[in-house]
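Laboratory data are not the source of any read-out in this text; all were calculated from the coordinates shown. Quick caveat, the model's predicted, so the values are computed rather than measured. Glycine also receives a Cβ, built like all others from the backbone with ideal geometry; neighbour counts cover every protein chain displayed.
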Amino acid sequence: MIKKVLISGGAGFIGSHLCDFFINNGYIVWCLDNFLTSNKKNIEHLLKNKNFYLLEIDLIKLEENKIKEKFNFVLHFASPASPVDYLKYPIETLKVNSIGTEKMLNIALNSNAVFLFASTSEVYGDPLIPVQDENYWGNVNPIGPRSVYDEGKRYGEAITMAFFRKYKLNTKIIRIFNTYGPRMRLNDGRVIPNFIYNALNNKPLPIYGDGKQTRSFCYIDDLIEGIIKVLEVNYNLPINLGNPEEFMIIELAEKIEKIFGRKLGFEFLPPMPDDPRKRKPDITLAKKLLNWEPKIKLEEGLKKTIDYYLNLLSSVNH
Ligand code: UDP
């Protein structure tokens, strides 16, 4: 029998790459999305595929008991994920990670599927330790503007673990660190697309705060490989997925300037509220369990991403 997968947020940046992976591997893919922060263009090439079904609906309104399909995998990726997006959609972000996670868990339970919750390094908040491993409980402001995402994801992890403990559902939790690559919206507000957007328009690169805060950037292809390995392994506690190579935001800006080969300049702006100062995953667990680690260097990934945007823009202009 052909295997079936349900992916919420399947038209989003990460979700659409997962749809591609499963279609290319012979699965029937159900993609659930309401296009709040995603883009139909990401899955347009799949719409005519006989194995691809688009369920265009707000997950919160889905009556999950009406879904009679049996899935092998249920993957919950629906959520605004960029700080700009979740500050704009605070209630939607809380709901999709709470009510939405419960609905996806119920679908998985009904199918006895493997369930995966896409969590985030944001559960660590503004970490008090330089490198974050899965045992760290985090330093999160529960009432700050970012809390809608951080606490939403923390609740999502809690209910996922509750289904694992109470119903013995085979659940997985991944904590995704900053990921980038083709299909991120150029205006989604995150640092890499935002820098590229400004560079393409010959504008200075906007840096929030002093630019000395750090992030560790993982290229999308590496992340997808990690996610698939998580589905295959017999382990139900959270797993960090990310690239441990850490850069200051100012260093990232310098790299982008170098790739564009011209002086763009930097514009220093006020810091974002509760902006984590440091973020670097400890991926010892993923290395051991999954025999996985990212392969694509930041420069190489940035070049691929810039090429994607250049192609996109030239196809729009022609
Ligand atoms: N940032 C920046 N300029 C931008 C966008 C973001 O300096 O145009 C900074 C932001 O303040 C943060 C880091 O880059 O310190 C990463 O931000 P992003 O929104 O990509 O993701 P986050 O890791 O904060 O969720």
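Only helical runs count toward this figure. For the chain, summing -39,500 (n - 2.57) over DSSP H runs of n ≥ 4 and dividing by all residues gives -12500 deg cm²/dmol at 222 nm. Charges were assigned to the Cβ only: +1 to each Lys and Arg, -1 to each Asp and Glu. The resulting dipole of segment 176-318 about its Cα centre is roughly 120 debye. How far is the Cα center of segment 1-72 from the Cα center of segment 297-318, in Å? Taking the Cα centre of segment 297-318 as reference, the centre of segment 1-72 is 25 Å away. Positive contributions from Lys and Arg (+1) and negative ones from Asp and Glu (-1), summed over other residues with Cβ under 11 Å from the Cβ of residue 282, come out at +1. Of all DSSP bridge pairs formed entirely within segment 171-318, close to 25 percent run antiparallel. Residue pairs exceeding 32 angstrom between C-alpha atoms, taken from 68/304; 153/229; 40/168: 68/304; 40/168. Taking a Cβ cut-off of under 13 Å around residue 90, the surrounding Lys, Arg, Asp and Glu residues balance to a net charge of -1, with basic ones at +1 and acidic ones at -1. In this structure, residue 51 and residue 310 have a Cβ-Cβ separation that, at R0 = 22 Å, corresponds to a calculated FRET efficiency of about 0.10.
For segment 78-206, state the semi-axes of the equivalent ellipsoid (square roots of 5 times the eigenvalues of the alpha-carbon gyration tensor), sorted largest first and rounded to whole angstrom. The partial results should precede the final answer.
Numbers: eigenvalues 173, 58, 38 Å².
Ellipsoid half-lengths, sorted descending, are 29, 17, 14 Å.
Here's the picture: charge each Lys and Arg Cβ at +1 and each Asp and Glu Cβ at -1 in segment 28-101, and of 30, 96, 84 the one pushed furthest to the positive end of that dipole is 30.
Over all other residues within a Cβ to Cβ distance under 12 Å of residue 235, the charged ones net out to +1, with Lys and Arg as +1 and Asp and Glu as -1.
Rounded to the nearest whole Hz, the Karplus-based 3J(HN,Hα) values (6.51 cos²θ - 1.76 cosθ + 1.60, θ = phi - 60°) of segment 295-312 follow the sequence 10, 8, 6, 3, 4, 5, x, 5, 4, 4, 5, 4, 4, 4, 5, 5, 4, 4, with x at glycine and proline. What separates the Cα centres of segment 246-269 and segment 211-227 is a distance of 18 Å. With both labels modelled 7 Å from their Cα along Cα-to-Cβ, the residue 41 to residue 99 distance reads 3.1 nm. Shape summary: segment 181-303 maps onto an equivalent ellipsoid whose semi-axes, from the alpha-carbon gyration tensor, are 30, 16, 12 Å in decreasing order. Pairwise Cα distances in segment 265-318 exceed 13 Å for 78 percent of all pairs. Cut-off 18 Å, label point 7 angstrom out along Cα-to-Cβ of residue 70: give me the residues of segment 3-39 whose amide nitrogen falls inside. Backbone N within reach: 3-6, 27-30.
When each of the peptides 129-136, 106-113 is scored by how many other beta carbons lie within 10 Å of its residues on average, the order from highest to lowest is 106-113, 129-136. Seen from all directions on average, segment 72-141 presents a Cα convex hull projection of 5.6 nm².
Note on segment 129-205: Kirkwood radius taken over Cα pairs, Stokes-Einstein applied at 4 °C and 1.567 mPa s, translational D equal to 83 µm² s⁻¹. The phi torsions of segment 252-264, fed into the Karplus equation with coefficients 6.51, -1.76 and 1.60 and a -60° offset, translate into couplings of 4, 4, 5, 4, 5, 4, 5, 5, 6, x, 8, 6, 9 Hz, rounded to whole numbers, with Gly and Pro shown as x.
Against the empirical curve 2.2 N^0.38 Å, the C-alpha radius of gyration of the chain lands at a ratio of 0.96.
The fraction of all Cα pairs in segment 6-126 landing in successive 10 Å bins from 0 to the largest distance is 14, 48, 32, 7, 0, given as whole percents. Ordering 108, 180, 269 by the projection of their Cα atoms onto the charge dipole of the chain, which places +1 on the Cβ of Lys and Arg and -1 on the Cβ of Asp and Glu, puts 108 at the extreme positive end. Computed from point charges on the beta carbon alone (+1 for Lys and Arg, -1 for Asp and Glu), the dipole magnitude for segment 165-211 about its Cα centre is near 600 Debye.
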